[in-house]
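Asker: The structure that follows is given in the form of C-alpha cells.
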Amino acid sequence: MTDLSYALFLDLAAGLFLLAAIGVLWRHQLASMIRLFALQGAALAAIVAILGIHEHSLELILVAVGLGALRAAVLPYLAWRALGDSPAEARETRPVVNVAASLLAAAALTLLAYAVTRPLVAMLGTSPASTILPAALAVALIGFFTLVTRRRALSQVVGFLLLDNGITATAFLAAAGVPLIVELGVSFDLLLIVLVLQVLTTRLRTTFGSSDLDELRELHD
C-alpha cells in the first residue's frame, strides 16, 4: 500500500465513520439507526485494517476482523432482536432535541473535537492517522449526545455503542493501537452489556408495553 492510497483509504473510512454517526441523529426509525450503526462498525473495522496493512501488523488485522464481526454483525443483530415487531417501538417519536437542533449540535461537537485535538495532532505530527483523530473524537461526542437526548431505551443503546466506537477509534489512532487481549476484553464486556440491555428492553416492553423511559418515569411518579 502506497502512502497516497493509505491516506486516501483512511480518509474515506473516517468520513464514513463520522457520517454514520450523524445519520443516527438524523433518522427517527430505529431500524435505520441500527443499520447505520452496523455501517459504522464496518468503517471502524476498515480503519483498523488499513492501519494494520500499512504497518504490516498481523495483530491489528486480527483485531479488525474481530471488530468487524462484533460491531458490524453481532451487535446489530442483537439490537434487531431487541427491536422486535412492535410498530409503536419502531420510531424515536419524542427526542429531547429535534432533528434540526441535533444536526446543528453535531456540527458544533465536530468543531469542538477539531479544536480540542489540535494540540494532540500537532504533537503526533501530520501522519494520515493523526489527521483523522478529530473525526474519531467527534463520533464519541455525538454518541454521548445521542445517549442523553433519546427517550427510547434502544436509541440510548445505539448512542452508547456510538460512544464506544468513537473511544475505540480514538485509542487506535492516538496510541497506535491497543493490545489484542485488551480489545478482546473490552469487546466481550460490550457484548455482555448489550445482551443485558436487550433482555431489559424486552422485559420492559412485555411488562409496561413500551420502552420509552419517560413514560416509565411518569408511571413511577
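Asker: Based only on other Cβ atoms within 10 Å, what is the fewest-to-most ordering of Met33, Met1?
Answerer: Met1, Met33
Asker: Relative to the present Cα-Cα distance, how much length would full extension add between Tyr77 and Ala107 at 0.36 nm per residue of separation?
Answerer: Between Tyr77 and Ala107, full extension yields 7.9 nm more.
Asker: Would you mind putting 131-144, 111-124 in packing order, based on average other-beta-carbon counts within 10 Å, highest first?
Answerer: 131-144, 111-124
Asker: Give me the number: length gained by fully extending Ala122 to Leu4, i.e. 0.36 nm times residue separation minus the C-alpha to C-alpha distance, one decimal in nm.
Answerer: 40.4 nm
Asker: What is the fewest-to-most order of Ile47, Ile34 by other Cβ atoms lying within 10 Å of their Cβ?
Answerer: The most exposed by this proxy come first: Ile34, Ile47.
Any read-out appearing in this document is the output of simple, stated calculations on the displayed coordinates, not a laboratory observation. Here the structure is a predicted model, which is why all the values come from computation and not from measurement. Positions of Cβ are backbone-derived with ideal geometry, glycine not excepted, and every protein chain shown enters the neighbour counts.
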